[in-house]
Amino acid sequence: MRLITCENYDEMSKIAAYMVAGQIVLKPNCVLGFATGSTPEGMYAELANMHKSSYLDFAEVKTFNLDEYYPIDRANDQSYYYFMNHHLFSKVNLKPENVNLPNGAAKDAAAECVAYDKKIEDCGGIDLQILGIGNNGHIAFNEPGEELTAGTSMVTLTDDTIKANSRFFASEADVPKHALSSGMATIMKARQIIIMISGKNKNTPLKKLLSGKITCSVPATMLNMHPNVTIIADKDAING
Ligand code: GLP
């Protein structure tokens, strides 16, 4: 694993955006894996800016997001679809038919999850996957536990995650209890992975990731088994 140390959040956002832009320039029809949360917001702003000022062209790019709350309608302003549309999709020339998130309004969640993994494979797999990390070490919504799930599936959010994500909702009670989340194998099949880590409260999961030990109780540590992972972390996350 390669670690890029950044002075602050802005530098982390820029470096991640340069790497995504590089991928798009090298392979204009690449498949990108995107994450939500506050960590990648600055990177999306940089990418929108590169599109506007430097003609970064998303015309042939395909995207797959990691996860979506369940049940939720994509028009709901707390949905991850809404988040992505607000921060990126509406600001660049991605074709609507080329952006994908698990459908949080699907009646048959299990069938939706199987179809989602199949669609990623049919598109040739993910070239570059962006990840954030939860305070408890989760990636996508793969929560700590005795077991992890390989494929995309419906998951139950932990109290920790519900509490952490309640800052985006009117109250903790409004946070959905479930999500459709990419599985560990869905993530590990990506050819290249960037994990962005910012802020003092991410010091503990970052240290676990860097320890080289692998445990289901910190799902991100599985990334130690992937051949091409770059951690982009700011000093607050590194120093705690
Ligand atoms: C959510 C998402 C994750 C994200 C995590 C951290 O739970 N499912 O993909 O990495 O939050 O979010 P933040 O970047 O806001 O700390």
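Worth pointing out:
- Region 175-207: number of residues that are surrounded by fewer than 20 Cβ atoms within 10 Å (Cβ to Cβ) and part of a helix (DSSP H, G or I): 7
- Flag if ILE130 is within 13 Å of PHE64 (Cα to Cα), outside any helix (DSSP H, G or I), within 10 Å of the ligand (Cβ to nearest atom) and in contact (Cβ under 8 Å) with a residue 60 or more places away in the chain: yes
- A count restricted to region 152-168 and to residues that are surrounded by 15 or more Cβ atoms within 10 Å (Cβ to Cβ) and either more than 13 Å from the ligand (Cβ to nearest atom) or outside any helix (DSSP H, G or I) (or both) stands at 6.
- Count of region 87-104 residues which are buried (at least 20 other Cβ atoms within 10 Å of the Cβ), over 11 Å from HIS51 (Cβ atoms) and in contact with a helix residue (DSSP H, G or I) (Cβ under 7 Å, 6 or more places away or on another chain): 4
- Only one entry of ALA220, ALA237 meets the criterion of being within 16 Å of the chain's Cα centre (by Cα) and either at pLDDT 95 or above or over 19 Å from ILE15 (Cα atoms) (or both), and that entry is ALA220.
- Just one of the listed residues (GLU121, GLU46) is out of contact with any Leu (no Cβ under 8 Å at 6 or more places or on another chain), open to solvent by less than 60 Å² (accessible area, probe 1.4 Å), at pLDDT 95 or above and not β-branched (Val, Ile, Thr), namely GLU46.
- Filtered residues of region 1-38 (kept if polar (S, T, N, Q) and touching a Lys or Arg at 6+ places or on another chain (Cβ under 8 Å)): THR5, ASN8, ASN29
- Subset of region 104-127 [away from the ligand (no atom under 16 Å from the Cβ), at negative phi and in a loop (DSSP other than H, G, I, E, B)]: ALA105, ALA106, LYS107, ASP108, CYS123, ASP127
- Among (1) open to solvent by 20 Å² or more (accessible area, probe 1.4 Å); (2) within 12 Å of the ligand (Cβ to nearest atom) - the single one GLY137 does not satisfy: (1)
- Members of region 85-102 that are within 17 Å of VAL20 (Cβ to Cβ), assigned to a helix (DSSP H, G or I) and of a type in the set (S, T, N, Q): ASN98
The values are calculated or read from the model by the stated rules, or taken from the named source; none is laboratory data. Note that the structure is predicted; figures quoted are calculated from it, not measured. Ideal geometry is used to build each Cβ from the backbone, glycine not excepted, and the neighbour counts take in all protein chains shown. Just the protein is used for accessible areas: all its heavy atoms, side chains included, with ligands, DNA and RNA removed. Shrake-Rupley method; radii C 1.70, N 1.55, O 1.52, S 1.80 Å.
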